[in-house]
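First comes the structure, then the notes that go with it.
The values are calculated or read from the model by the stated rules, or taken from the named source; none is laboratory data. Being a predicted model, the structure only gives us computed values, none of them experimental. Quick reminder, even Gly has a Cβ in these numbers, built from the backbone with ideal geometry, and neighbours come from all protein chains shown.
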Amino acid sequence: MTSTAAHRAVEAVWRIEAARLIAGLARLVHDVGRAEDLAQDALVAALEQWPAAGIPDRPGAWLMTVAKRRAVDEIRRDVTLAAKVELLGRELPEADGLELPEPVEDDVLRLMFTTCHPVLTPEAQAALTLKMLAGLTTDEIARAFLVPTKTMAQRIVRAKRTLTEARVGFESPGADELGPRLATVLAVVYLVFNEGYSASAGADHVRPALCEEAMRLGRILAALVPGESEVHALLALMELQASRLRARTGPDGAIVTLLDQDRALWDRLLIHRGLAGLARAEQLGGGAEPYAVQAAIAAVHARARTATDTDWPRIAALYAVLARVAPSPVVDLNRAVAVSMADGPAAAIALLDGLETRLSGYYLLPSVRGDLLVKLGRSAEARTEFERAAGLTANERERDLLLARARDCVA
């Protein structure tokens with residue numbers, strides 16, 4: 001295996017295994033920052049050894065074994081932690097076997113509640129959780145929050161230091177602690193899902209494994225707090241959106257836009273589950289909450305058998321509600337798209353005024369403006385917007401689509 005191929009394989013494995021690896025290590029060493037350092041050490045070892053030795057049959061187990069051995073070595077250097085040496089040593093695989101520790105299904109959720117501890121600010125909670133659970137780079141997280149990479153790096157470092165100094169244990173919160181952390185946990189679950197649904201960087205437009213992980217966590221939360229309408233609404237939203245995953249890219253990985261998707265590929269089971277979850281959220285009185293409104297928007301799309309059947313006036317109205325209950329420039333941008341479909345591009349383009357400063361560097365703003373300008377017959381201006389949008393995105397598939405749209409603009 002070539003070095004380049006091995007490095008790509010290591011990156012792919014890291015994307016899949018990072019959350020479970022860090023969560024499992026945090027359970028053992030009771031320190032989130034230290035767990036991440038150990039996981040990174042194992043990643044470096046893989047980059048050094050796999051090009052020559054080949055990818056192991058169970059790469060996740062290999063990484064865990066290396067990380068745990070390094071943890072033991074560190075603890076042995078500290079005589080005061082001798083008891084933990086014995087504990088960790090017992091959990092190491094026999095001889096050279098590469099066995100995983102006990103199932104970590106709930107370790108990931110426990111890690112999420114740890115990184116969403118109230119000693120951290122909501123922004124730090126979300127950033128740290130994305131770093132550890134989604135395996136995102138600091139640059140990717142910075143783009144998700146529309147802040148400079150340096151700012152995000154400092155935020156993550158401070159968050160880990162704060163958890164360590166506050167001696168936050170790696171444990172699930174009690175019933176009285178669950179409520180204050182739940183909103184942030186839900187927000188982070190949705191951020192993880194969104195990174196899977198539309199990758200912020202790289203060669204792939206979608207990362208289905210992240211979507212699956214986010215939905216898995218959502219289902220655990222729904223069972224944990226069955227009376228919380230927001231949990232059911234978020235799970236419904238994710239299921240309704242995930243129902244379109246197979247149709248979002250073509251055989252070559254190229255993006256297929258919503259209006260051009262083959263709706264026969266939409267997952268009807270996920271749609272059924274999503275609609276049922278939305279109904280449950282509404283029964284619990286959460287129909288006007290942000291996740292429920294977004295799920296209602298996704299439900300309109302799910303119920304339309306063809307693109308022309310879409311009830312765009314209903315979607316535009318729902319976005320107006322969302323703009324009131326959860327105001328944000330991204331919601332305003334999405335509302336403009338819905339208005340353009342319901343009432344035409346002239347009515348929508350005025351809604352983009354004032355978003356430039358609030359969405360500086362966000363590629364979808366010039367992308368949407370370019371689409372509206374095409375519909376208004378202003379092709380030269382549209383081409384400039386599509387080219388600007390292509391320069392702002394770090395996702396290769398998005399860039400290809402935007403450049404193709406720019407080339408299609410004929411003055």
(request) Would you mention how many residues in region 236-256 are touching a residue at least 60 places away in the same chain (Cβ under 8 Å), closer than 23 Å to residue 396 by Cα and not small (Gly, Ala, Ser)? (result) 2
(request) Kindly indicate whether any position in region 306-322 is surrounded by fewer than 18 Cβ atoms within 10 Å (Cβ to Cβ) and in contact (Cβ under 8 Å) with a residue 40 or more places away in the chain. (result) yes
(message) Going by what's in this entry, would residue 395 be described as closer than 21 Å to residue 255 by Cα, under 22 Å from the mean Cα position of the chain (by Cα) and touching a residue at least 40 places away in the same chain (Cβ under 8 Å)?
(response) yes
(message) Among (1) surrounded by 15 or more Cβ atoms within 10 Å (Cβ to Cβ); (2) in a helix (DSSP H, G or I), there is one condition residue 407 misses while meeting the rest; what is its number?
(response) (1)
(request) State whether one or more residues within region 28-46 are surrounded by fewer than 21 Cβ atoms within 10 Å (Cβ to Cβ), modelled with pLDDT of 85 or more, within 29 Å of the chain's Cα centre (by Cα) and over 21 Å from residue 129 (Cα atoms). (result) yes
(message) I need the full set of residues from region 260-284 which are crowded, with 18+ Cβ neighbours inside 10 Å and of a type in the set (Lys, Arg), in order please.
(response) 273, 280
(request) Please work out if residue 108 is at pLDDT 60 or above, within 24 Å of residue 192 (Cα to Cα) and surrounded by 15 or more Cβ atoms within 10 Å (Cβ to Cβ). (result) yes
(request) Go through region 198-207 residue by residue and tally those that are exposed (fewer than 15 other Cβ atoms within 10 Å of the Cβ) and either out of contact with any Lys or Arg (no Cβ under 8 Å at 6 or more places or on another chain) or acidic (Asp, Glu) (or both). (result) 0
(request) For region 1-26, name all the residues that are over 14 Å from residue 66 (Cβ atoms), at pLDDT 80 or above and either more than 20 Å from the chain's Cα centre (by Cα) or not in a helix (DSSP H, G or I) (or both). (result) 26
(message) Would you confirm whether or not region 350-358 contains a residue that is within 25 Å of residue 193 (Cα to Cα) and in a helix (DSSP H, G or I)?
(response) no
(message) Of the conditions (1) at pLDDT 85 or above; (2) of a type in the set (Gly, Ala, Ser); (3) assigned to a helix (DSSP H, G or I); (4) out of contact with any His (no Cβ under 8 Å at 6 or more places or on another chain), residue 222 satisfies every one except a single condition; which number is it?
(response) (4)
(request) Being among the hydroxyl-bearing types (Ser, Thr, Tyr), without any contact (Cβ under 8 Å) to a residue 60 or more places away in the chain and surrounded by fewer than 17 Cβ atoms within 10 Å (Cβ to Cβ) is the filter here, so list the residues in region 354-383 that pass it. (result) 357, 379
